[in-house]
1. In a shell of Cβ-Cβ distance under 13 Å around residue 7, excluding residue 7 itself, what net charge do Lys and Arg (+1) and Asp and Glu (-1) give?
2. Given a cut-off of 25 Å, name the pairs among 82/141; 132/200; 103/132; 132/164; 61/132; 65/141 whose C-alpha atoms lie farther apart than that in the structure shown.
3. Given N residues in the range 1-77, what is its alpha carbon radius of gyration divided by 2.2 N^0.38 Å?
4. According to a simple spin-label model (label point 7 Å from Cα along Cα-to-Cβ), what is the distance in nm between residue 11 and residue 182?
5. What distance in nm separates the simple spin-label points at residue 57 and residue 25, each placed 7 Å from Cα in the Cβ direction?
6. How much FRET efficiency would the formula 1/(1 + (r/R0)^6) give for residue 149 and residue 41, where r is the Cβ-Cβ distance and R0 is 35 Å, rounded to 0.05?
7. Rounded to whole Å, give me the distance from the Cα center of the range 60-105 to that of the range 19-54.
8. Based on the Kirkwood radius over alpha-carbon pairs, what is the Stokes-Einstein translational diffusion coefficient of the range 1-151 at 10 °C with 1.306 mPa s viscosity, in µm²/s?
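The values are calculated or read from the model by the stated rules, or taken from the named source; none is laboratory data. Remember, predicted model here, so these are calculated numbers, not experimental data. Note that each Cβ is placed from the backbone with ideal geometry, even for glycine, and that neighbours are counted across all protein chains shown. Ligands, DNA and RNA are stripped out before the accessible areas are found, and what is left, the full protein with its side chains, is counted by its heavy atoms. Shrake-Rupley method; radii C 1.70, N 1.55, O 1.52, S 1.80 Å.
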Amino acid sequence: MGLRLGDTAPNFTADTTEGEIDFHAWLGDSWGVLMSHPADFTPVCTTEIGATAKLSDEFAKRNAKPIVVSVDSVEDHKAWSKDIEETQGCAPTFPIIGDTDRKVAELYDMIHPNEGDTSTVRSVFVIDPNKKIRMTLTYPKSAGRNFAEILRVIDSLQLTDNYKVTTPADWQNGDDVIISPALSNEEAKKHFPDGWNELKPYLRMTKQPNR
């Protein structure tokens with residue numbers, strides 16, 4: 001059975017482009033974004049690693065650490081990093097795990113045989129500081145990831161962890177949010193003294209509380 005939301009992210013030790021790490025110790029009190037890519041020296045992966053590097057400040061604002069894994073060696077990762085810097089204008093700013101024995105890929109069920117070979121698909125795991133899996137995405141090898149969506153979900157998780165709200169479809173940081181249906185109107189008044197727009201008793205829109 002695959003990993004599910006709320007499961008503890010499996011720990012592992014691995015060699016990376018930044019030395020050997022213990023995954024949980026490396027995460028520390030940060031959020032983590034564990035991503036797999038199919039192979040080094042491939043076009044889509046090159047753009048994805050470059051995109052992740054360019055967003056290093058955005059991840060840092062969210063106390064989130066990206067880390068990438070593929071079944072290639074650390075030596076290949078280091079050689080490939082030069083291509084990434086040359087073509088994308090930014091070298092990797094995060095560890096890339098060498099997983100030639102597929103230990104991490106199998107631990108996180110990143111190899112999908114129906115995709116045609118033994119390399120990983122484009123998996124994403126967002127992990128909170130308690131080491132719980134909070135979001136998963138799986139992209140086919142042919143489609144590069146939407147990194148704005150990954151950041152958007154982290155924003156939503158961090159907001160809803162701290163306030164009694166949920167976020168609607170297509171929500172962006174700063175948009176109105178939904179008051180939790182678990183709150184009665186009397187309870188909601190204590191949390192949202194500026195009020196809300198009640199579209200239905202179960203759909204009460206209010207300003208984002210931390211803006």
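1. +2
2. In this structure, 132/200 exceed 25 Å between Cα atoms.
3. Details: Rg = 13.3 Å, N = 77, 2.2 N^0.38 = 11.5 Å.
Rounded to two decimals, the normalised Rg is 1.16.
4. 2.9
5. 3.3
6. 0.85
7. Rounded to whole Å, the Cα centres lie 5 Å apart.
8. After rounding, the answer is 104 µm²/s.
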